[in-house]
Amino acid sequence: MHIGFFTDSYFPGIDGVTYTIKTWRERLEARGHEVSIIYPDSSHEPGPHEYPVPSLPNPFYAPYRLPVFRRLSTLPDLDVVHCHGPATTGLLGRRYAAKHDLRSVYTHHTPIEEYLIRALKFDGLAQVVGQGYVAYETRFLRSFDCVTASTSKIRRDVDHQKLPVGIELETFRPQSESLFTDARPIVGYSGRMTEKKNIGEILRVADETPDYRYVLVGEGPARPKLEQQAPDNVEFRDFLPREQLPTFYSSLDVFVTASTCDTLGLSTLEANACGTPVAAANVQPFRETIGPDNGARFEYGDLDEMAAAIADCLTTDRRTRTAVERFAVDRTIDDLEAIYRGEPAAVEDRQRVSPSV
């Protein structure tokens, strides 16, 4: 099959969507499929089967450009359209599928309304804009033959198939090398630093646990303010090359996240695959992915519970890698191929028979 990935997020930006697209493309091509990427143009130099869409700078967040338009006739001949975003590039993909009467698939990655709500200063206006956006995206998703998402709840009134983005278990495994020599426990985080990730909660708990060292890896618009607020036992590092992440995760004693808007939280599962337990907020998707076998959850905003969850991860042995093997990316690609053929994915059955986490 020749599959077209239409995405509003791509390199040089670094986030879960970009890496998911890269991983799925590599795995599908290894199975003999051809994958073309249609994405907003940027400083990224297009390689084979990559088609940039003219775009404008984003005044709110520079890594994400605003795609404008590209003629359908300039795109390759596709067998399946797979969209990864609801903005202009996603609309382009939906138009392509409609014009050529192709199977269309949409993967819900990000609750964009969270960005909109946090960007607006007036609560009433923010709620109206958020509700309006969800209504728009719901209508957009209903126009696809199949909608997938990493967990069972996507805050959209549409039928969807659960399809975790998948962990590269052969890459993310325990490493013997350590990045740290401290006697103190090392608590870490890796991901984009935006308001919706609630990294301020990590700073709050760090202030209450001065005997731990916190290492926060990532970049984003919230980072300068967070660095100003951070207590002395917190350090910030830039995004690591993906090949260095297994060593980083393996070097941690606990991975912590207070995010309340992830669709899967891939970094948490990658840390688990490297042998590191995770302390996460008691919200979706972590109610489905993080439990006694691979970490501990805390009520968001409860500082005592958050500290207790970190301490629990530090003092209890867990077979974290075993707990997340059901999220192996090869299983995801099996299901993705079935979806492209119009067959039901097997992931739901696997989830029912998998050990509870």
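The values are calculated or read from the model by the stated rules, or taken from the named source; none is laboratory data. All figures in this text were calculated on a predicted structure; none of them were measured in a lab. Quick reminder, even Gly has a Cβ in these numbers, built from the backbone with ideal geometry, and neighbours come from all protein chains shown. Areas reflect the complete protein model, heavy atoms only, side chains present, ligands, DNA and RNA absent. Shrake-Rupley method; radii C 1.70, N 1.55, O 1.52, S 1.80 Å.
Would you mind computing Rg(Cα) / (2.2 N^0.38 Å) for the chain, counting N as its residues?
0.98
What share of the DSSP beta bridges in the chain is antiparallel, in percent to the nearest 5?
Of the beta bridges lying entirely in the chain, close to 5 percent run antiparallel.
So what is the accessible area of the chain per residue, in Å², with the probe set to 1.4 Å?
Value for the chain: 44 Å² per residue.
Name the residue farthest towards the positive end of the dipole of the chain from the options Val105, Gln228, Ala149, assuming +1 on Cβ of Lys and Arg, -1 on Cβ of Asp and Glu, about the Cα centre.
Value computed over the given set: Val105.
Based on the alpha-carbon gyration tensor of region 166-320 and its eigenvalue square roots a ≥ b ≥ c, which shape applies: rounded if a/c is under 1.5, prolate if not and a/b is larger than b/c, or oblate? Walk me through the intermediate numbers first.
Values: a/c = 1.22, a/b = 1.12, b/c = 1.09.
It is rounded, given that a/c, with a ≥ b ≥ c, falls under 1.5.
What part of the accessible area of region 213-300, given as a whole %, is carbon or sulfur when the probe is 1.4 angstrom?
Percent of accessible area from carbon and sulfur atoms in region 213-300: 42.
Quick check: residue separation of Glu26 and Asp232 times 0.36 nm, minus the Cα distance between them. What number comes out in nm?
Difference between extended and current length: 70.0 nm.
Quick one: compute the contact order of region 218-357, relative version, from alpha carbon pairs under 8 angstrom and 6+ residues apart, as a percent.
18 percent
Quick one: with all protein chains in place, what share of the accessible area of region 35-100 is carbon or sulfur, to the nearest percent (1.4 Å probe)?
Numbers: 1940 of 3240 Å².
Solvent-exposed carbon and sulfur of region 35-100 make up 60 percent of the total.
Given the rule -39500 (n - 2.57) for each run of at least 4 DSSP H residues, summed and divided by the residues of the chain, what is its mean residue ellipticity at 222 nm, to the nearest 500 deg cm²/dmol?
On the way: 13 runs with 127 residues, N = 357.
Mean residue ellipticity, 222 nm, calculated: -10500 deg cm²/dmol.
Can you list the HN-Hα couplings for region 162-170, worked out from phi with the Karplus curve (6.51, -1.76, 1.60; θ = phi - 60°), rounded to whole Hz and with x for Gly and Pro?
Whole-Hz 3J(HN,Hα) from phi for region 162-170: 6, 9, x, 5, x, 9, 7, 5, 6.
Helix 199-208 versus the longest principal axis of the chain: what is the Cα-based angle in degrees, 0 to 90, to the nearest 10?
10 degrees
Note down the relative contact order for the chain as a percent, whole number, built from C-alpha pairs under 8 angstrom at least six residues apart.
This gives 13 percent for the chain.
Could you order Ser178, Ser9 by accessible surface area, starting with the largest, using a probe radius of 1.4 Å?
Ser178, Ser9
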